[in-house]
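Step one of this worksheet: look at the structure below.
The values are calculated or read from the model by the stated rules, or taken from the named source; none is laboratory data. Here the structure is a predicted model, which is why all the values come from computation and not from measurement. Positions of Cβ are backbone-derived with ideal geometry, glycine not excepted, and every protein chain shown enters the neighbour counts. Note: accessible area is taken over every heavy atom of the protein model, side chains too, but ligands, DNA and RNA are not part of it. Shrake-Rupley method; radii C 1.70, N 1.55, O 1.52, S 1.80 Å.
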Amino acid sequence: MKVFDPIRKQYVELTPEEQVRQYCINVLTKQFGYPKGAIAVEGQINLNSMTRRVDILVYDKTLKPFLLVECKRKEVKLTQQTIDQVVSYNFAIQAPYIMITNSLTTYLIEYKDGEYAFLDTLPAYR
């Protein structure tokens, strides 16, 4: 089964992780008003001489990384290891906000002055 990805503008296989990613894209664009043009999906970063894939990266109006999103299948429990994974990705990206979700549980984290803190809601797009 395939689903149309409004960011990549193509049909993609509807895997369990893709289902969560599409749900997240829908929340970001429809509920929080993040512009589709500011969202990148499945981009690559270099981390410790290794290439890693980033599920979703939202850029701000000045084209700087704004929100790093890690999507996990619904069955995957979000643990400290999951948070550590995304935080390590953010060393390369330096986004001020991180979102980790399996669509059942979501963690929102702010990165400011070298410190991480949990948030209750996503920030407004800027």
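Candidates GLU17, GLU75, GLU70: the one that is of a type in the set (D, E, K, R) and touching a Lys or Arg at 6+ places or on another chain (Cβ under 8 Å) is GLU17.
Residues that are under 27 Å from PRO35 (Cβ atoms), among the acidic types (Asp, Glu) and either part of a loop (DSSP other than H, G, I, E, B) or touching a strand residue (DSSP E or B) at 6+ places or on another chain (Cβ under 8 Å) (or both): does segment 93-114 have at least one? Before the answer, list the steps.
Let us first name the residues in segment 93-114 that are under 27 Å from PRO35 (Cβ atoms), namely 93-112.
Those left that are additionally among the acidic types (Asp, Glu): 110.
Next, only the ones that are either part of a loop (DSSP other than H, G, I, E, B) or touching a strand residue (DSSP E or B) at 6+ places or on another chain (Cβ under 8 Å) (or both) stay: 110.
Yes: one or more hits.
I'm checking my understanding of the structure. Among residues of segment 34-61 that are small (Gly, Ala, Ser) and open to solvent by 50 Å² or more (accessible area, probe 1.4 Å), which one is farthest from ASP120 (Cα to Cα)?
Within segment 34-61, the subset small (Gly, Ala, Ser) is 37-38, 40, 43, 49.
With the extra rule that they be open to solvent by 50 Å² or more (accessible area, probe 1.4 Å), the set shrinks to 37, 49.
Values: GLY37: 25, SER49: 34 Å.
By that ranking, first place goes to SER49.
Being outside any loop (DSSP other than H, G, I, E, B) and more than 12 Å from the chain's Cα centre (by Cα) is a description that does not apply to GLN22. Can you tell me which residue is nearest to GLN19 (Cα to Cα) among those in segment 62-101 that are in contact with an Asp or Glu (Cβ under 8 Å, 6 or more places away or on another chain) and among the polar types (S, T, N, Q)? So the residue we want is THR101. Restricting segment 4-19 to residues that are open to solvent by 40 Å² or more (accessible area, probe 1.4 Å) and assigned to a strand (DSSP E or B), the residue that is farthest from GLU75 (Cα to Cα) is GLN10. Among what's in segment 69-121 and is under 21 Å from GLY43 (Cα atoms) and small (Gly, Ala, Ser), pick the residue that is surrounded by the fewest Cβ atoms within 10 Å (Cβ to Cβ). For segment 69-121, the residue satisfying everything is SER88. Against the conditions (1) at pLDDT below 90; (2) in contact with a Gly (Cβ under 8 Å, 6 or more places away or on another chain), ALA92 satisfies every one except (2). Does THR62 satisfy the condition of being in a loop (DSSP other than H, G, I, E, B), of a type outside the set (A, V, I, L, M, F, W, C) and modelled with pLDDT under 95? Spelling it out, it is not the case that THR62 is in a loop (DSSP other than H, G, I, E, B), of a type outside the set (A, V, I, L, M, F, W, C) and modelled with pLDDT under 95.
Residue count for segment 21-33 under the criterion of being surrounded by 14 or more Cβ atoms within 10 Å (Cβ to Cβ) and in contact with a Leu (Cβ under 9 Å, 6 or more places away or on another chain): the result is 4.
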